[in-house]
1. Put a dot 7 Å past each Cα toward the Cβ at K48 and S69; how far apart are the dots in nm?
2. Once the piece of chain linking K25 and K101 is laid out straight, how much longer is it, given 0.36 nm per residue of separation minus the C-alpha distance between them?
3. Please identify every one of the trypsin sites (Lys or Arg not before Pro) in the range 1-71 that sits in a loop by DSSP and has no more than 15 other beta carbons within 10 Å of its own beta carbon.
4. Sequence gap at least 6, Cα distance under 8 Å: using those rules, report the relative contact order of the chain to the nearest whole percent.
5. Using only the Cα atoms of the range 18-96, what semi-axes does the equivalent ellipsoid have when each is the square root of 5 times a gyration tensor eigenvalue? Give whole Å, largest first.
6. Return the distance in nm (one decimal) between the two label points of a simple spin-label model at N40 and S76, each offset 7 Å from Cα along Cα→Cβ.
7. Report the label-to-label distance for R57 and L93 in nanometres (one decimal), using points 7 Å from each Cα along the Cα→Cβ vector.
8. Using a 1.4 Å probe on the protein chains only, how many percent of the accessible area of the chain belongs to carbon and sulfur?
Amino acid sequence: MNIKLFDSELKVMEVIWKEGDITAKALAEILGKSIGWNKNTTYTVIKKCVEKGAIERLEPNFICHALVSKEDIQGSEIDELVEKLFDGSTELLFASLVGHKKLPDHMVEKLKQIVGDSK
């Protein structure tokens, strides 16, 4: 999965992931109330998501259906981040995350558990 979504497209996808299949009209209403977009802005961003293969348009009623999961997009974004900023090294990413802030003991233990579970 290698779809690059920009911030505006992620806003549309977040609503679809949360709400499930939704009409473009209802999506525009939600985004209008939450971030102030007008209907045309929402429809333009939906069109871009359709062109990228992230959303399919179902009829009748212009229903927006996600073709990619949030987890798929998160994975793609993490892969890009690791490549771009950490020379492809997940170890450097992890070290940076842990070293960036002093983590409380309970968080360190939780991270150890996550790493242990992923083996």
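1. Here the modelled spin labels are 2.6 nm apart.
2. Full-extension gain reported as 23.1 nm.
3. Filter output for the range 1-71: K4.
4. On the way: 96 pairs, mean separation 28.7, N = 119.
Across the chain, relative contact order equals 24 percent.
5. 32, 14, 11
6. According to this spin-label approximation, the distance is 2.8 nm.
7. Those two pseudo-labels are separated by 3.4 nm.
8. Solvent-exposed carbon and sulfur of the chain make up 55 percent of the total.
The values are calculated or read from the model by the stated rules, or taken from the named source; none is laboratory data. Just so it is clear, the structure is predicted and the values come from calculations on it, not from any experiment. Neighbour counts are summed over all protein chains in view; Cβ atoms, including those assigned to glycine, are modelled from backbone coordinates with ideal geometry. Just the protein is used for accessible areas: all its heavy atoms, side chains included, with ligands, DNA and RNA removed. Shrake-Rupley method; radii C 1.70, N 1.55, O 1.52, S 1.80 Å.
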